[in-house]
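A.B. asks: I'd like to ask some things about the structure below.
The values are calculated or read from the model by the stated rules, or taken from the named source; none is laboratory data. All figures in this text were calculated on a predicted structure; none of them were measured in a lab. All Cβ positions, glycine included, derive from the backbone under ideal geometry; neighbour counts span all protein chains shown. What goes into the accessible areas is simple: the full protein's heavy atoms, side chains included, and nothing from ligands, DNA or RNA. Shrake-Rupley method; radii C 1.70, N 1.55, O 1.52, S 1.80 Å.
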Amino acid sequence: AQKVTQAQTEISVVEKEDVTLDCVYETRDTTYYLFWYKQPPSGELVFLIRRNSFDEQNEISGRYSWNFQKSTSSFNFTITASQVVDSAVYFCALISYNTDKLIFGTGTRLQVFP
Amino acid sequence: NAGVTQTPKFQVLKTGQSMTLQCAQDMNHNSMYWYRQDPGMGLRLIYYSASEGTTDKGEVPNGYNVSRLNKREFSLRLESAAPSQTSVYFCASSDPRGQGLYSNQPQHFGDGTRLSIL
């Protein structure tokens, strides 16, 4: 069975703080892909990053960085120097190569206060 | 770029009424999906279509039917709406395998349909 767990339901920080959103996944497949999506208050889902299971190199994009560790089945997302515009619900998701089903975590609501 | 277009954006139904949610994509994707989003539960897959002419059940298919009309369009029908189907519905499309082992392109989502059933 495949599963994505985002144990943090809600996180509140003050602007300029760093924050890490946790994602733990379960799969028996050796080839799979992990994603992060952002859902701002306006409701749309915005794709942030895709990572395949063969590439454990961490990635940085501006204030965003992702730490993929197969040994702990985790794909954590860090926002450095958070801003109010980062306030959103963030979803981690998993898909295996041989399926068309994207499995979502339950999401983490991030509130950044000025 | 239109991407994935869902109609309507909002709808209120009475229990027992029927309704079809429409979804169209202009990215020539093979796969299309319907999800529902409920508070505290993330997005759950209702049905998906890996290619034109095929549909498969997802995690929560009961009470819904789908039609993959052509490559562009994938509709979701509620035959007899129930209050438990009050939710936000998202349509998505992708080319999961694209070209090559490592392609797996992300799913592109529509803006959602907020459906309330009284």
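A.B. asks: Where residues in the stretch A:56-88 are β-branched (Val, Ile, Thr) and in contact with an Asp or Glu (Cβ under 9 Å, 6 or more places away or on another chain), which of them is nearest to A:Thr31 (Cα to Cα)?
C.D. replies: Residues of the stretch A:56-88 that are β-branched (Val, Ile, Thr), as a first pass: A:60, A:72, A:78-80, A:84-85.
Still in the running and in contact with an Asp or Glu (Cβ under 9 Å, 6 or more places away or on another chain): A:78-80, A:84.
Numbers: A:Thr78: 24, A:Ile79: 27, A:Thr80: 30, A:Val84: 36 Å.
Per the stated criteria, the residue is A:Thr78.
A.B. asks: Next up: Identify, from the list A:Glu15, A:Glu56, the residue that is within 14 Å of chain B (Cβ to nearest Cβ), touching a strand residue (DSSP E or B) at 6+ places or on another chain (Cβ under 8 Å), among the acidic types (Asp, Glu) and surrounded by fewer than 17 Cβ atoms within 10 Å (Cβ to Cβ).
C.D. replies: Values: A:Glu15 fails: within 14 Å of chain B (Cβ to nearest Cβ).
Result of the check over A:Glu15, A:Glu56: A:Glu56.
A.B. asks: Let me ask something additional. Evaluate the stretch A:24-47: report whether one residue or more is open to solvent by 60 Å² or more (accessible area, probe 1.4 Å), modelled with pLDDT of 90 or more, within 15 Å of A:Thr106 (Cα to Cα) and β-branched (Val, Ile, Thr).
C.D. replies: Within the stretch A:24-47, one or more residues are open to solvent by 60 Å² or more (accessible area, probe 1.4 Å), modelled with pLDDT of 90 or more, within 15 Å of A:Thr106 (Cα to Cα) and β-branched (Val, Ile, Thr).
A.B. asks: List every residue pair whose Cβ atoms sit under 6 Å apart, with the two residues 6 or more apart in sequence or on different chains, where the first one lies in the stretch A:28-50 and is at the interface with another protein chain (Cβ under 9 Å from one of its Cβ atoms) and without any contact (Cβ under 8 Å) to a residue 12 or more places away in the chain and the second, anywhere, is in a strand (DSSP E or B) and open to solvent by less than 40 Å² (accessible area, probe 1.4 Å).
C.D. replies: A:Val46/A:Lys38
A.B. asks: Is the stretch B:38-50 home to any residue that is in a loop (DSSP other than H, G, I, E, B), among the hydrophobic types (A, V, I, L, M, F, W, C) and either within 14 Å of chain A (Cβ to nearest Cβ) or over 20 Å from B:Thr5 (Cβ atoms) (or both)?
C.D. replies: The initial filter retains those residues of the stretch B:38-50 that are in a loop (DSSP other than H, G, I, E, B), namely B:38-42, B:50.
This time we only want the ones that are among the hydrophobic types (A, V, I, L, M, F, W, C), so: B:41, B:50.
Subset that is either within 14 Å of chain A (Cβ to nearest Cβ) or over 20 Å from B:Thr5 (Cβ atoms) (or both): B:41, B:50.
Looking through the stretch B:38-50, at least one residue is in a loop (DSSP other than H, G, I, E, B), among the hydrophobic types (A, V, I, L, M, F, W, C) and either within 14 Å of chain A (Cβ to nearest Cβ) or over 20 Å from B:Thr5 (Cβ atoms) (or both).
A.B. asks: A follow-up question, please. Does the stretch A:37-56 contain at least one residue that is of a type in the set (Lys, Arg), over 16 Å from the mean Cα position of the chain (by Cα) and closer than 15 Å to A:Ile103 by Cα? Spell out how you get there, then give the answer.
C.D. replies: Of the stretch A:37-56, the ones of a type in the set (Lys, Arg) are A:38, A:50-51.
This time we only want the ones that are over 16 Å from the mean Cα position of the chain (by Cα), so: none.
So far as the stretch A:37-56 goes, no, none of its residues is of a type in the set (Lys, Arg), over 16 Å from the mean Cα position of the chain (by Cα) and closer than 15 Å to A:Ile103 by Cα.
A.B. asks: Please specify each residue of the stretch B:51-65 satisfying the condition of being within 25 Å of B:Ile117 (Cα to Cα), open to solvent by 40 Å² or more (accessible area, probe 1.4 Å) and more than 14 Å from every other protein chain (Cβ to nearest Cβ).
C.D. replies: Residues satisfying the conditions are B:Asn62, B:Gly63, B:Asn65.
A.B. asks: Please work out which one of (1) more than 24 Å from B:Leu45 (Cα to Cα); (2) not in a loop (DSSP other than H, G, I, E, B) is the condition A:Ala81 fails and give its number.
C.D. replies: Only one criterion is unmet by A:Ala81, namely (2).
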